[in-house]
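Comments concern the structure below.
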Amino acid sequence: MVLLITNKDDVTTDFIVNRLNKIGAKYYRLNTEDLMSSIGINFDIERNEYVLIDQEKNQNVDLSSVKSVYYRRPVLPKIKIGSLSEGENEFVIREIAYLLEGLYKILNDRFWISPVTSIREAENKIYQLLVARDIGLEIPVSLITTSQAKAETFLKQLKGNCVIKPIKNGKIDNHENPMVVFTSLITCGDIGLMDGVKNCPTYLQSKIEKVADIRVTVVGKKVFSTKIHSQEFEETMIDWRKGENTKIRHERIKLPPEIEVKCMELIDRLGLHFGAIDFVLDRDTRYVFLEINPNGQWGWIEKRLGYDISGEIVQLLLNGAQNK
């Protein structure tokens, strides 16, 4: 059995479900926000029995039958038990969070796309840069600092040809006005903003004069490469995700062999079986590494370009489990 760990709104997992249904493979989709409402658990340590109890489907899922796991986007349930205080409700949510951590450990010896610990380690953009540089990928000139003086010097040395970006992700969970912080251009005219550096670690990089953005989706030993024509629209020139422009052109490409080999090495070094790698293609046709999302989206690429990414993931889940 394949276990899919995600949430109800994860469209990417829908692609996998469709493929598993098509070939008649056995799977169970665990939408983790349903824990304690329609999904219960029984972990009997003494008997070594670990079961998910899906009350809605009237189904018990014995975790011993799980051969492989696709780890996507688990979210915690929003629990508000009226008889409990706010602190007590928070306690319950923390207990559920650690229950999930225990579930991951129970399944630790199965085949994962990808292991949770590897995903979490690989999400660190500072670590990504170190590994990418170590394997010979070109990276932008980069500075992470809390020093206003260092930030101003960096900006001046690069003559204002810089971008500023989040170290992790740009999501700001403001219930009234949720926002996303995108990679943005910063120039010498913005030097007055550097006084805020002391309040938050600030990630600065040299701005690459690019021809296009490149998204490389790696599944096991298979590479799917996409050229994103980000320079055709002003709002996508710095960060192609900004504005979610649906007209932006995507194109199938073949990577230079040496870049493809390094992408595979990056995935291997990070202990992953999947990765969504972002490069910039500059005017001298150099591929400059920006970052890797160890659990990134890929559904829109499959839909636009007809790449069989979902099929490759399903085969890796089935074949990887056989090789464990």
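The values are calculated or read from the model by the stated rules, or taken from the named source; none is laboratory data. If you're wondering where the values come from, they're calculated on a predicted model, not measured in any experiment. Don't worry about glycine lacking a Cβ; one is built from the backbone with ideal geometry, like all the others, and counts go over all protein chains shown. For accessibility, only protein heavy atoms count, side chains too; no ligands or nucleic acids. Shrake-Rupley method; radii C 1.70, N 1.55, O 1.52, S 1.80 Å.
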Label the stretch 69-126 by shape, choosing from rounded, prolate and oblate, from the square roots a ≥ b ≥ c of the eigenvalues of the Cα gyration tensor; if a/c is under 1.5 it is rounded, and otherwise prolate applies when a/b is larger than b/c, oblate when it is not. prolate
Rule-of-thumb check for the stretch 171-319: C-alpha Rg over 2.2 N^0.38 Å? 1.17
Which percent, nearest 5, of DSSP beta bridges in the chain are antiparallel? 75
Quote the charge dipole size of the chain about the Cα centre in Debye, to the nearest 20; the model charges only the Cβ of Lys and Arg (+1) and of Asp and Glu (-1). 840
Bounding extents of the stretch 215-284 in its principal axis frame from Cα atoms, largest first in Å, are 36, 25, 18
Can you list the aspartates and glutamates whose alpha carbon is less than 13 Å from that of Lys22, not counting same-chain residues fewer than 8 positions off? Asp14
What net charge do the residues around Val219 carry, taking every other residue with its C-beta under 15 Å from that of Val219, with Lys and Arg at +1 and Asp and Glu at -1? 0
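Report the calculated FRET efficiency for Ala97 and Asp268 (r = Cβ-Cβ distance, R0 = 25 Å), to the nearest 0.05.
0.25
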The stretch 240-324, Kirkwood Rh and Cα Rg, ratio Rg/Rh at 0.98
How do the peptides 95-102, 53-60 rank, highest first, by the average count of neighbouring beta carbon atoms within 10 Å per residue? 95-102, 53-60
Residue-normalised 222 nm signal for the chain, counting each DSSP H run of n ≥ 4 as -39,500 (n - 2.57), nearest 500 deg cm²/dmol, is -9000 deg cm²/dmol
In whole percent, the fraction of accessible protein surface over the chain that belongs to carbon or sulfur atoms, probe radius 1.4 Å, stands at 49
If you plug each phi of the stretch 257-273 into the Karplus form 6.51 cos²θ - 1.76 cosθ + 1.60 with θ = phi - 60°, what whole-Hz ³J(HN,Hα) values come out, in order, with x for Gly and Pro? x, 5, 6, 4, 4, 5, 5, 5, 5, 4, 4, 5, 5, 8, x, 9, 10
At a probe radius of 1.4 Å, what is the per-residue accessible area of Lys156, in Å² to the nearest 10? 120
What accessible area per residue, rounded to a whole number of Å², is obtained for the chain using a probe radius of 1.4 Å? 53
Run the quick spin-label model on Ser147 and Trp300: label points 7 Å from Cα toward the beta carbon, then report their separation in nm to one decimal. 3.9
Ranked highest first by the average count of other Cβ atoms within 10 Å around their residues, in what order do 20-26, 129-135 fall? 129-135, 20-26
Between helix 11-23 and the chain: long-axis angle, C-alpha atoms, 0 to 90°, nearest 10: 50
